[in-house]
Amino acid sequence: MSEDKALTGKEVETLHEKYVMQPWALQGKKVLPVQKAEGIYFWDYDGKKYADMSSLLVCTNLGHSNTAITEAMKKQMESMCFMAPAYATESKSKLAKLLVEAAGADTYSRVFFCNGGADSNENAIKMARMVTGRTKIFSAYLSYHGATLGAGNASGDWRRFAAEIGGANGFVHFMNPHMYQDGYTRGVDDEACTAYFLKALDKQMHFEGTDHIAAVIMESIVGANGVILPPAGYMEGVRKLCDKYGILMICDEVMAGFCRTGKMFAWQNFDMKPDMITFAKGVTCGYVPLGGVIVNNKVADYFKDHVLQCGLTYSGHTLACAAGVAAVTYYEDHHICEHVKKMETVLSTFLNKMAAMHACVGEARCIGLFSALEIVKDKEKRIPMTAYGVKSPIMPAIMAELKKRGFSTFGRENNINICPPLSITEEELKEYLPILDDVLTWVDATYIK
Ligand SMILES: Cc1ncc(COP(=O)(O)O)c(C=O)c1O
């Protein structure tokens, strides 16, 4: 086989199954070969079209093949693909400024660039330990922060177990609120729920030794574990506990950032500011890997007379930063946050209707174009369709039914995530959401006795 000859779909599939190590899967598993992608769609080799209703892994925020980003990349490639971190480049300098300004230049002052989400969290954790001289890192059980050793140990869901073999030291998990699963009613019980979980966290901090804790790392809005919206006052309360004990607060914006919730960063939905903001995915819409940490003045100032002991070959990668400049400029110039807020109304109205109509939908949660349906087998008792961490064929079967009908998304545990590209139009949303309704009708008939 000549290496530059285009392959057929079957050949792509066969080589993948034989040679590629597939993440989070048994090896040799069947994988759909994809040929092209544009706008909110991608196509397989048989020409079948799929609407990308999850922005892949919640990263293609501006859809596929956005020309503002691809043209900026082409232009950058023609002059210089890569320059080492020790040098200043136009794309890196511009992107750092754009990000600091988007976060708030009164509070934030510098950006450390890396390659993706996990290493952005790794570097934020290292910085927190350097700045505070403390070791322990608090993170929530209902969370995912990446699969590398430190980020894997910080993650709360079961994907941390492999990273815990041999482990990394100082990681402590706390229980964060999930109003629906914990039996609370949103809009009614927020105060009680917030008070309960903050009291428990405060107590746990004391048992761990408040002056041993370097940072609390949290997703501003928990994403992959089911778009779990915190009760009112919770994030502000965590911030207050951090302030009280001299603990740094890191908000992981890898999934929720870049207009996903209708704000540039999801923490901007709350009345608090983290010390560090980690980002990836939407910064380049995934077109090239890029991640990083935006730090506030306090953290930045520490490293004026202490060497920043963090580094990587591709820190501030020239091509990736050019894609980042184009994407962040596009979010701003095209008022993507305003558009997301308008589309939120369409999406949340539809999802609430699904929760009212279908026996299998316990709750709909939606902020911006970040949403999930909680799938249950008993709505009255709020019993999830499958028990936590138990491998069940039901959720994969639901995803397969959606995909068969051209609706591509992902679901974890008992959630169906609906997080389409932020550039989606009202017409496109209205064309594809009825597929979800059909599949939920199928779930009611198949799994609810
Ligand atoms: C909130 C959050 N943090 C970190 C990560 C890890 O990012 P990456 O896969 O780029 O390492 C993810 C990935 O989905 C994520 O959702």
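The values are calculated or read from the model by the stated rules, or taken from the named source; none is laboratory data. What you are looking at is a predicted structure, and each value in this text was computed from that prediction instead of being measured. FYI the Cβ positions are ideal-geometry reconstructions off the backbone, even for glycines, and counts take in every protein chain you see.
If you go through segment 104-114 one residue at a time, do you hit one that is touching a Gly at 6+ places or on another chain (Cβ under 9 Å) and not hydrophobic (A, V, I, L, M, F, W, C)? No, there is no match, as no residue in segment 104-114 is touching a Gly at 6+ places or on another chain (Cβ under 9 Å) and not hydrophobic (A, V, I, L, M, F, W, C). For beta carbons closer than 9 Å, sequence separation of 6+ or different chains, a first residue in segment 392-420 that is without any contact (Cβ under 8 Å) to a residue 40 or more places away in the chain and a second that is of a type in the set (K, R) and in a loop (DSSP other than H, G, I, E, B), the qualifying pairs are M395/R412.
Might you check whether a residue that is of a type in the set (A, V, I, L, M), part of a helix (DSSP H, G or I), within 13 Å of the ligand (Cβ to nearest atom) and touching a residue at least 24 places away in the same chain (Cβ under 8 Å) occurs anywhere in segment 162-175?
No - not one qualifying residue is present in segment 162-175.
Go through I424, I398, I416 for me and flag whichever is touching a helix residue (DSSP H, G or I) at 6+ places or on another chain (Cβ under 8 Å) and either part of a loop (DSSP other than H, G, I, E, B) or at pLDDT below 95 (or both).
Values: I398 fails: either part of a loop (DSSP other than H, G, I, E, B) or at pLDDT below 95 (or both); I416 fails: either part of a loop (DSSP other than H, G, I, E, B) or at pLDDT below 95 (or both).
Step by step, each of I424, I398, I416 is checked, and only I424 is touching a helix residue (DSSP H, G or I) at 6+ places or on another chain (Cβ under 8 Å) and either part of a loop (DSSP other than H, G, I, E, B) or at pLDDT below 95 (or both).
Under the condition of being in a loop (DSSP other than H, G, I, E, B) and of a type outside the set (A, V, I, L, M, F, W, C), the residues counted in segment 341-359 number 1.
Here L308, L312, L351 are screened, and the one residue that is surrounded by fewer than 24 Cβ atoms within 10 Å (Cβ to Cβ) and either among the β-branched types (V, I, T) or within 15 Å of the ligand (Cβ to nearest atom) (or both) is L312. All conditions in (1) in a helix (DSSP H, G or I); (2) in contact with a Ser or Thr (Cβ under 8 Å, 6 or more places away or on another chain); (3) away from the ligand (no atom under 16 Å from the Cβ) hold for L198, with the sole exception of (2). Flag set for V111, criterion: among the β-branched types (V, I, T), surrounded by 15 or more Cβ atoms within 10 Å (Cβ to Cβ), modelled with pLDDT of 95 or more and touching a strand residue (DSSP E or B) at 6+ places or on another chain (Cβ under 7 Å).
In segment 52-76, the residues that are assigned to a helix (DSSP H, G or I) form Cβ pairs under 7 Å with partners that are more than 16 Å from the ligand (Cβ to nearest atom) and of a type in the set (V, I, T), at six or more places apart or across chains, as follows: A72/V325; Q76/T318.
Being near the ligand (Cβ under 10 Å from one of its atoms) and either more than 18 Å from G146 (Cβ to Cβ) or in contact (Cβ under 8 Å) with a residue 60 or more places away in the chain (or both) is the filter here, so list the residues in segment 239-257 that pass it. Once the filter is applied, which keeps residues that are near the ligand (Cβ under 10 Å from one of its atoms) and either more than 18 Å from G146 (Cβ to Cβ) or in contact (Cβ under 8 Å) with a residue 60 or more places away in the chain (or both), segment 239-257 yields D252, V254, M255, A256.
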